[in-house]
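So the structure is just underneath, and the comments pick up after that.
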Amino acid sequence: MSLSLPSSLFLLPLSKALQQSSSICTSRSLPVTHGYRISPVALAKKRTRLKQCQVATVEDIAEDVLLPREAEELKEVEEKYDWREEWYPLYLTAEVPEDAPLGLTVFHKQIVLYRDFNGVLRCYEDRCPHRLAKLSEGQLVDGRIECLYHGWQFEGDGKCVKIPQLPEGAKIPRAACVRTYEVRDSQGVVWVWMSDKNPPNLSKLPWFEHYAKPGFLDTSTIHELPYDHSILLENLMDPAHVPISHDRTDWTAKREDAQPLVMKVKERSIRGFAGQWGRSKNPAFMNSLSFQAPCVLQNNLQIVDKNGVPQYFSALFLCRPAGQGKSMLIVRFGASSRPLLINLIPKWFFHQNACKVFEQDMGFLSSQNEVLMREKVPTKELYLNLKFSDTWVMEYRKWMDRVGSGMPYYIGHETLSMPLEAAVIEQAPVGAAAAVSASMPAKGGVGELYAPNPTNRYYRHVIHCKGCRIVVKRLEILKKVMRLLSLAAITAAILTAERQWKVAILALAVVLLGAAQVFSSIFDLITRNFIREHRRL
């Protein structure tokens, strides 16, 4: 399905209208924090700096433009939120490598996913009990995962079944085992249950009705992104940015279409919120949107075609927190029908267009992440939210106020809890040795880089996509073959005495060089980041 749909379906519902505050610069109480204390002096300095930019009085601003800075009182909820008692989307099932373990993270928890000799998905803590080496740096041997440090092998429920250093007849210690996590393959996505207290709660496993309908078609991609999952969800809850940020990326995004939005919240609970949104110039054309804790954002649209048949369109975003300042996104765009012409367009074209969309946002979203982490204050101290575009963003941050005590870290609308420890930046050697050991994308990096770099399109998407990796490999081969054939043709033309043959062979050489350039251009389209013209130096 065309990625023109995502541009128009990029978002979520809205919260109830809040009364306008009487002044922008009203006094505010010290934000509640969990695990992190902001000193009153430091906060006062921040507020002074912020208020210097907010000297306008209420008479300077239309009353119905800004969302009020004060939030409604947080209601106590009987149910306590715990981030561990949830299912998290790990990977597209079709993209899980069959010949190598896959290292992933959920918040700060490092896990490893692999297929055993029966093709069954297994998930362990990504740590060998011997000397704490990452099992994801290991390999699969006879369907077992082997730590490459000393060759310990694990299978099934995490028991160690081989230690090469043990003498013959010696028993493997009972403590030689790894912690396991329950995983489920549901509708083409692998989900992990993170609780260490309770068995998997299948009622919480997300199920998407449209994607279970016969004949429902979807295009799915996966992307690793260099900013926090809360920033990612915020961005996906913001349809107002699409005409500006993605102007002319496809036919649905045009900057002249930027306009006030109509947003309505229909449901709100500890599990998320839902409602509708539409454009003020066409309020009858409404999208249904929902946020389901902790990772699911869904935008659905239903229309009736000229034959009176309902047609369904869906944009589904599964946003996994992958550590401080990192996230992984599974995108699924589906429809009950699509034009036949769309089927002629290769999937890699849609994938590179999706990459382009995320690259258009990446610079300012990464900087937003940096500012929030540096300022260390709730978003109501920093954001200037508008009623006609930002209600969903405020709704999301207020939801985090309600559940934040059950999360490792968060920044809410009027409360926050910063990470107790800064993220560990893992380093690895580069050069020839690393390039050889990392020759397969599923096992590491490619080329000179060893550690994946999510700011680069190749590491952000291509290594996670079998289809794009295959296309890239074939393009490299075809490019080299065309260049060699063109060189051979030029040599033959030089050696040929007949003028007619010389001209014909040189023409063939030109065609071959042109083909090589076409393959090179497609290769660049798939692997290179999009850069806006005004950013090119």
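Report the one residue of Ala284, Asn307, Val296 whose Cα lies farthest in the direction of the positive end of the charge dipole of the stretch 177-334 (charges on C-beta: Lys and Arg +1, Asp and Glu -1; origin at the Cα centre).
Ala284
Based on the alpha-carbon gyration tensor of the stretch 465-527 and its eigenvalue square roots a ≥ b ≥ c, which shape applies: rounded if a/c is under 1.5, prolate if not and a/b is larger than b/c, or oblate?
Judged from the Cα gyration tensor, the stretch 465-527 comes out prolate (a/c at least 1.5, a/b above b/c).
Considering amide H positions built from the backbone, and no H for Pro or chain starts, which residues 5 or more places from Lys162, or on another chain, come under 5 Å of its amide H?
Gln153
Filter the chymotrypsin sites (Phe, Trp or Tyr not before Pro) in the stretch 82-189 down to the DSSP loop ones having no more than 14 other Cβ atoms within 10 Å, then list what survives.
Answer in residue order: Phe117.
Taking the Cα centroid of the stretch 472-501 and of the stretch 90-169, what is the distance between the two, rounded to the nearest whole Å?
First find each Cα centre; the distance between them is then 47 Å.
Can you sort Ser389, Ser521 by 1.4 Å-probe accessible area, starting with the largest?
Ranked from most to least accessible, the order is Ser521, Ser389.
If you rank Asp305, Asp185 by how much accessible surface each has, with a 1.4 Å probe, what is the order from largest down?
Order by accessible area, largest first: Asp185, Asp305.
Given the whole protein assembly as supplied and a 1.4 Å probe, what does the accessible area of Asp82 come to in Å², nearest 10?
Accessible area, nearest 10 Å²: 40 Å².
Pick out, in residue order, every one of the trypsin sites (Lys or Arg not before Pro) in the stretch 89-131 that is DSSP loop and has at most 15 other C-beta atoms within 10 Å; say none if there are none.
Within the stretch 89-131, the qualifying trypsin sites (Lys or Arg not before Pro) (loop, at most 15 other Cβ atoms within 10 Å) are Arg131.
Between Ala504 and Leu341, what is the label-point separation in nm under the 7 Å Cα-to-beta-carbon projection?
It is 3.9 nm.
Set the bar at 20 Å for Cα to Cα. Now go through Lys306/Lys347; Lys376/Lys398; Lys281/Lys398; Lys281/Lys380; Lys134/Lys204; Lys356/Lys387 and name every pair that lies beyond it.
Lys306/Lys347; Lys281/Lys398; Lys281/Lys380; Lys134/Lys204; Lys356/Lys387
If you put +1 on each Lys and Arg Cβ and -1 on each Asp and Glu Cβ, how big is the dipole of the stretch 465-527 around its Cα centre, in Debye rounded to 20?
Dipole about the Cα centre, nearest 20: 240 debye.
In square angstrom, what is the accessible area per residue of the stretch 465-527 with a 1.4 angstrom probe?
On a per-residue basis, 66 Å².
Go through the stretch 102-193 and name the GluC sites (Glu not before Pro) that are in a DSSP coil and have 14 or fewer other Cβ atoms within 10 Å of their Cβ.
Taking the stretch 102-193 and a limit of 14 other Cβ atoms within 10 Å, the loop GluC sites (Glu not before Pro) found are Glu168.
Just name one of Ala94, Cys123, Ile163: the one whose Cα is farthest towards the positive end of the charge dipole of the stretch 87-186 (beta-carbon charges, Lys/Arg +1, Asp/Glu -1).
The Cα lying farthest towards the positive end belongs to Ile163.
For Phe364, Phe317, give the ranking by accessible area with the largest first, probe 1.4 Å.
Output order, biggest surface exposure first: Phe364, Phe317.
For Gln302 and Ile172, what does the FRET efficiency come to when R0 = 56 Å and r is the distance between their Cβ atoms, rounded to the nearest 0.05?
0.45
Taking the full set of protein chains and a 1.4 angstrom probe, give the accessible area of Thr93 in square angstrom, rounded to the nearest 10.
20
In nm, to one decimal, how far is the modelled label at Ser269 from the one at Leu148, with both set 7 Å along Cα→Cβ?
4.6
Between Arg248 and Ala488, take the C-beta separation as r, use R0 = 35 Å, and let me know the FRET efficiency to the nearest 0.05.
Given R0 = 35 Å and the Cβ-Cβ separation, E is 0.25.
If the chain between Glu533 and Val120 were fully stretched, how many nm would it gain, using 0.36 nm times the residue separation less the Cα-Cα distance?
Extra length available between Glu533 and Val120 comes to 144.0 nm.
Pop out the ³J(HN,Hα) list for the stretch 206-217 in order, Karplus 6.51 cos²θ - 1.76 cosθ + 1.60 with θ = phi - 60°, rounded to Hz; leave Gly and Pro as x.
Here the 3J(HN,Hα) series is x, 9, 10, 4, 4, 6, 9, 6, x, x, 6, 9 Hz.
Label points 7 Å out from Cα along the Cβ direction at Glu256 and Ser366: separation in nm?
About 3.4 nm separates the two model spin labels.
The values are calculated or read from the model by the stated rules, or taken from the named source; none is laboratory data. Just so it is clear, the model here is predicted, and its values are computed rather than measured. Glycine also receives a Cβ, built like all others from the backbone with ideal geometry; neighbour counts cover every protein chain displayed. Just so you know, the surface numbers come from the protein's heavy atoms only, side chains and all, with ligands and any DNA or RNA stripped out. Shrake-Rupley method; radii C 1.70, N 1.55, O 1.52, S 1.80 Å.
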